[in-house]
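Please read the structure below before turning to the comments.
The values are calculated or read from the model by the stated rules, or taken from the named source; none is laboratory data. Bear in mind that the values here come from a model prediction, so they are computed numbers and not experimental data. Ideal geometry is used to build each Cβ from the backbone, glycine not excepted, and the neighbour counts take in all protein chains shown. Protein only, heavy atoms only, side chains kept; ligands, DNA and RNA dropped before computing areas. Shrake-Rupley method; radii C 1.70, N 1.55, O 1.52, S 1.80 Å.
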Amino acid sequence: QVQLVESGGGLVRAGGSLRLSCAASGTIFSINTMGWYRQAPGNQRELVARITNGGSTNYADSVKGRFTISKDDAKIAVYLQMNRLKPEDTAVYYCNADLAPWHGSSWYDYWGQGTQVTVSS
């Protein structure tokens with residue numbers, strides 16, 4: 001079983017910063033990508049940022065230049081540094097991992113429980 005545990009959400013004023021963390025644990029053989037998605041009320045879940053095993057990154061256009069994704073392979077963790085936050089960044093942020101739990105298995109998607117980020121104007 002794989003678990004993703006997020007932390008770091010909260011309430012911040014526009015222009016402020018937050019750092020989200022996500023640690024993976026359990027049966028993990030190999031990780032393809034880890035990333036962050038978000039879902040605001042009434043909206044679909046959308047990709048915020050993703051990082052591959054090799055370190056390549058991609059970002060939603062709305063966060064480019066403000067958010068930075070990074071990872072720590074030794075800790076099996078992924079981070080999202082969010083700067084210059086805007087009210088429209090308000091959402092529940094979910095950690096995601098695309099991984100193979102054991103040698104020879106398929107890749108599976110796993111999700112964290114979500115952490116609320118609220119940006120006040």
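Among the residues of the range 109-119, those identified as in a strand (DSSP E or B) and in contact (Cβ under 8 Å) with a residue 24 or more places away in the chain are Y110, W111, T115, Q116, V117, T118, V119.
A quick yes/no check of all residues on (1) charged (D, E, K, R); (2) in contact with a strand residue (DSSP E or B) (Cβ under 6 Å, 6 or more places away or on another chain):
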| residue | (1), (2) |
| --- | --- |
| K75 | yes, no |
| V78 | no, yes |
| Q81 | no, yes |
| D89 | yes, yes |
| C95 | no, yes |
| D98 | yes, yes |
| H103 | no, no |
| W107 | no, yes |
| G114 | no, yes |
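Among the residues of the range 78-121, just one is open to solvent by 10 Å² or more (accessible area, probe 1.4 Å), hydrophobic (A, V, I, L, M, F, W, C), out of contact with any Asp or Glu (no Cβ under 8 Å at 6 or more places or on another chain) and modelled with pLDDT under 95, namely W102.
Among residues belonging to the range 68-77 that are of a type in the set (D, E, K, R) and open to solvent by 50 Å² or more (accessible area, probe 1.4 Å), point out the one that is nearest to Q44 (Cα to Cα). Working first, answer last.
Initially, the range 68-77 is screened for residues of a type in the set (D, E, K, R), giving 71-73, 75.
Remaining after also requiring open to solvent by 50 Å² or more (accessible area, probe 1.4 Å): 71, 73, 75.
Values: K71: 25, D73: 30, K75: 30 Å.
Among residues in the range 68-77 that are of a type in the set (D, E, K, R) and open to solvent by 50 Å² or more (accessible area, probe 1.4 Å), the one nearest to Q44 (Cα to Cα) is K71.
Return yes or no: is S7 closer than 27 Å to P101 by Cβ and more than 12 Å from the chain's Cα centre (by Cα)?
Spelling it out, it is not the case that S7 is closer than 27 Å to P101 by Cβ and more than 12 Å from the chain's Cα centre (by Cα).
Anything in the range 44-64 that is without any contact (Cβ under 8 Å) to a residue 12 or more places away in the chain and over 14 Å from the mean Cα position of the chain (by Cα)? List them, or say none. Passing the criteria: Q44, G54, S56, D61, K64.
Can you name every residue in the range 32-50 that is under 17 Å from A100 (Cβ atoms) and open to solvent by less than 40 Å² (accessible area, probe 1.4 Å)? Result: T33, M34, G35. State whether one or more residues within the range 54-67 are of a type in the set (S, T, Y), surrounded by fewer than 16 Cβ atoms within 10 Å (Cβ to Cβ), at pLDDT 95 or above and part of a loop (DSSP other than H, G, I, E, B). Yes, because at least one residue in the range 54-67 is of a type in the set (S, T, Y), surrounded by fewer than 16 Cβ atoms within 10 Å (Cβ to Cβ), at pLDDT 95 or above and part of a loop (DSSP other than H, G, I, E, B). The sole residue among L85, L80, L99 that is assigned to a strand (DSSP E or B) and over 12 Å from the mean Cα position of the chain (by Cα) is L99.
In this structure, does V12 turn out to be of a type in the set (A, V, I, L, M), surrounded by fewer than 20 Cβ atoms within 10 Å (Cβ to Cβ) and either over 20 Å from G114 (Cβ atoms) or in contact with a Cys (Cβ under 8 Å, 6 or more places away or on another chain) (or both)? No, not satisfied.
Determine whether the range 85-94 contains at least one residue that is without any contact (Cβ under 8 Å) to a residue 40 or more places away in the chain and of a type in the set (G, A, S). No.
Find all pairs meeting these conditions: Cβ atoms under 6 angstrom apart; at least six residues apart or on different chains; first residue within the range 5-32 and farther than 22 Å from G54 by Cα and polar (S, T, N, Q); second residue at pLDDT 95 or above and open to solvent by less than 60 Å² (accessible area, probe 1.4 Å). Filtered contacts from the range 5-32: S7/S21; S17/N83.
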